[in-house]
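Heads up: the structure comes next, in structure tokens.
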Amino acid sequence: MTANEGEETIVSDGNTNDTGVTPAPNKKLPAPTIALWVVVAVVAVGLPFQLAPFRVDQMSSWLTLAIAAMGLNLLTGYNGQISVGHGALYGLGAYTAGLLVAKANVPLLVAVLAAGAVCFVAGVVIGLPALRIKGLYLALVTLAVATLFPLAVEQFSSLTGGNQGLEIRTEQMYRGSMRPRPVKFASPFEGLANDQWKYLVFLAVTAVCFLLTRNLIKSRIGRAMVAIRDNETAAAVSGIPVARTKIYTFGVGSALAGIAGGLMALNLGTIYPSSFTISVSIYFLVAVVIGGSATIAGPIIGALIYGAFNDVLIPELPNQLQPASAVILGGLLIVQVLIAPGGVVGSFKLAGSKLALRKARAAVDNSAAV
Amino acid sequence: MSQLEVDNVGVHFGGVVALDGLSFSIEKGQICALIGPNGAGKTTLFNVISRIYDATTGSVTFEGTDLLKAAPHQIAHLGLGRTFQNLALVPGLSVLDNVKIGAHSRSKAGFWTSTLRMPQVIKEERQLTQQALDILGRLSLADLAERPCAGLPFGTLKRIEFARALASDPKLLMLDEPASGLTHGEVDELGELIQQIRDEFQLTVLLVEHHMAMVMSISEKVVVMDLGRKIAEGVPDQVRNDPLVIAAYLGAPAK
Ligand SMILES: Nc1ncnc2c1ncn2[C@@H]1O[C@H](COP(=O)(O)OP(=O)(O)OP(=O)(O)O)[C@@H](O)[C@H]1O
Ligand SMILES: [Mg+2]
């Protein structure tokens, strides 16, 4: 007996249109969506030409936050594996890229990709024991990883520079000879400053990460991730390999953190163990929650809001309020969770579906009135 | 050889014996009902076949494959689809996506091809959507396709689960109390629908149901359980008049 014997497809293939069949919705992007994306692209590319260099640098760092938050959103938002240790993978990515560039003179973007690959592997390794622990316990274990990371960096100080920091220098032409100089993204275009070029490179990397993540979320794997988050039994019974999917998600989420960390290291030029404490992990979570957990654009929006809050708003506050910035952020977060638990994107979605419902009701009322 | 062979299956939960040496078999294309009073072990058997529970003894063979050696997610790939007595849907996904989850076992796009959204991924996704919509239409659920599952009535959710199980294109469809939460008229329709779908797609149905009128009218074979054991087996008319069956039902607390 062969496995395929008598096997029949229960459903018509996509082309036949039998009676009573609802055609698949047309997936073309609506005009307002396209317009929105054009505006976003123009603003994102145009901003560095309007702002002071230090702001451009800050925006570059917001982008790295966005990439890391995308990874955490995949892992925690979509797949339900609560991680409070994402900052450690970010740090691992930063040191990987930093060391590759400083010690082996690896091209910058190659080093960033390598940081992603190393963190993918690290994520898989952490993901394996994570199969056995769930929810709060997983949060605790990842918390431990986040706490231990800076200590590990100090431990290997001969390699990492320990508390002195790792200064990332590359051989550059300076005053007529090749010398080790602080790492920089040298602009290949005249009239385009290095900080602007760096920002545009970061923006391109962010855009690519965003597109790939979005593809994954919208695919059958993305559905599987959500199914595992909401109901592991339902997922397994439908043929989803639960363990493998969770491990891959841990890997991909960590790879994004690694890429983000790699960019961040090259942005800062010098990295310290204290740059990767537990608070970094918390900021990623904050960005995901503000923007909207388990939404595609949420982490980016959340990262930008958080970055603007930290770098633009807080410095404007009177001096005596400065130390209270964490308290202010905490307070705002509580307000947000109370009035808009779905974050920015979640709230828009909710408003959209309410509007649609009201329209539908109105249509029904109208037809009833006739 | 029968399509599904349950042989001497036993399951213990601590001191509770949920299944006690249960054996029966189903032929390809049959509608076989599994009935018995509450706590007889019907759902436990489903969970053994789905590899959610481990059997203490015995074996379950499907088309020659030992199911008890398979991993839970492989069961769907072997051609077994099921629904749950108490529902196991994905509240975070739309009705349509829940049905598409059911098609996971017969779709292919992998992690990397999905990430790159290769042309074959787009094509497969379009087919999955169309097929899921067809099934939803078939079960009069088409209007709900874009809605989230959360908040829909129990009877509707059971039908969505039915749709999800069908989406896997199963050879053996296991339904755990599909009629619960339905009105009388809807129960009759469901019975007809189960027969139609069986005929059209030549699948085998294992049906757990307390609704006796439906069981007796659509089943070709009935297996009666009590306290984890099989107490009778046969065509509906044989089983209906079996004194052991009557005793089990009269002796059991009323449902
Ligand atoms: N996970 C479990 N842990 C402990 N006992 C269980 C478990 N699952 C089932 N049982 C017990 O096994 C026995 C059989 O339960 P099962 O759910 O299979 O019955 P059933 O025939 O499906 O009943 P019903 O018609 O009420 O759905 C019962 O005594 C039940 O309490
Ligand atoms: Mg049951």
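The values are calculated or read from the model by the stated rules, or taken from the named source; none is laboratory data. Predicted model, so just to flag it, every value in this text is computed and none were measured. All Cβ positions, even for glycine, are placed from backbone atoms using ideal geometry, and neighbour counts span all protein chains on display.
Below is a table of values for the structure above.
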{"item": "Residue match in region B:2-25 (condition: of a type in the set (A, V, I, L, M), over 14 Å from the mean Cα position of the chain (by Cα), part of a loop (DSSP other than H, G, I, E, B) and near ligand 1 (Cβ under 10 Å from one of its atoms))", "result": "no"}
{"item": "Residue B:180 vs. criteria within 16 Å of ligand 2 (Cβ to nearest atom), small (Gly, Ala, Ser) and in contact (Cβ under 8 Å) with a residue 40 or more places away in the chain", "result": "yes"}
{"item": "Output for region A:150-179, where each listed residue is acidic (Asp, Glu) and exposed (fewer than 12 other Cβ atoms within 10 Å of the Cβ)", "result": "A:171"}
{"item": "Of all residues in region A:28-46 being touching a helix residue (DSSP H, G or I) at 6+ places or on another chain (Cβ under 9 Å) and free of Cβ contacts under 8 Å to residues at least 60 places away in the same chain, the one that is nearest to residue A:301 (Cα to Cα)", "result": "A:41"}
{"item": "Helices (runs of 4 or more DSSP H) completely within region A:189-298 that count 2 or more residues being more than 17 Å from the chain's Cα centre (by Cα)", "result": "A:194-217, A:220-230, A:232-237, A:242-268"}
{"item": "Test for residue B:190: is it away from chain A (no Cβ under 14 Å), buried (at least 21 other Cβ atoms within 10 Å of the Cβ), more than 16 Å from ligand 1 (Cβ to nearest atom) and outside any strand (DSSP E or B)", "result": "yes"}
{"item": "Any chance residue A:147 is part of a helix (DSSP H, G or I) and surrounded by fewer than 21 Cβ atoms within 10 Å (Cβ to Cβ)", "result": "yes"}
{"item": "Residues of region B:29-87 satisfying the condition of being among the hydroxyl-bearing types (Ser, Thr, Tyr), within 16 Å of ligand 2 (Cβ to nearest atom) and either within 8 Å of chain A (Cβ to nearest Cβ) or part of a strand (DSSP E or B) (or both)", "result": "B:50"}
{"item": "Test: residue in region B:194-203 that is closer than 30 Å to residue B:56 by Cα and either in contact (Cβ under 8 Å) with a residue 12 or more places away in the chain or touching a Lys or Arg at 6+ places or on another chain (Cβ under 6 Å) (or both)", "result": "yes"}
{"item": "Test: residue B:224 is under 20 Å from residue B:26 (Cβ atoms), more than 10 Å from chain A (Cβ to nearest Cβ), part of a helix (DSSP H, G or I) and within 16 Å of ligand 2 (Cβ to nearest atom)", "result": "no"}
{"item": "Selection status of residue B:42, of a type in the set (Lys, Arg), at pLDDT 95 or above and more than 16 Å from ligand 1 (Cβ to nearest atom)", "result": "no"}
{"item": "Top-ranked residue of region B:130-187 - restricted to ones that are more than 16 Å from the chain's Cα centre (by Cα) and charged (D, E, K, R), ranked as farthest from the other protein chains (Cβ to nearest Cβ)", "result": "B:186"}
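Every residue, every condition in (1) more than 19 Å from residue B:196 (Cβ to Cβ); (2) buried (at least 19 other Cβ atoms within 10 Å of the Cβ); (3) modelled with pLDDT under 95, yes or no:
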{"residue": "B:100", "(1), (2), (3)": "yes, yes, no"}
{"residue": "B:122", "(1), (2), (3)": "yes, no, no"}
{"residue": "B:134", "(1), (2), (3)": "no, yes, no"}
{"residue": "B:143", "(1), (2), (3)": "yes, no, yes"}
{"residue": "B:151", "(1), (2), (3)": "yes, no, yes"}
{"residue": "B:162", "(1), (2), (3)": "no, yes, no"}
{"residue": "B:174", "(1), (2), (3)": "no, yes, no"}
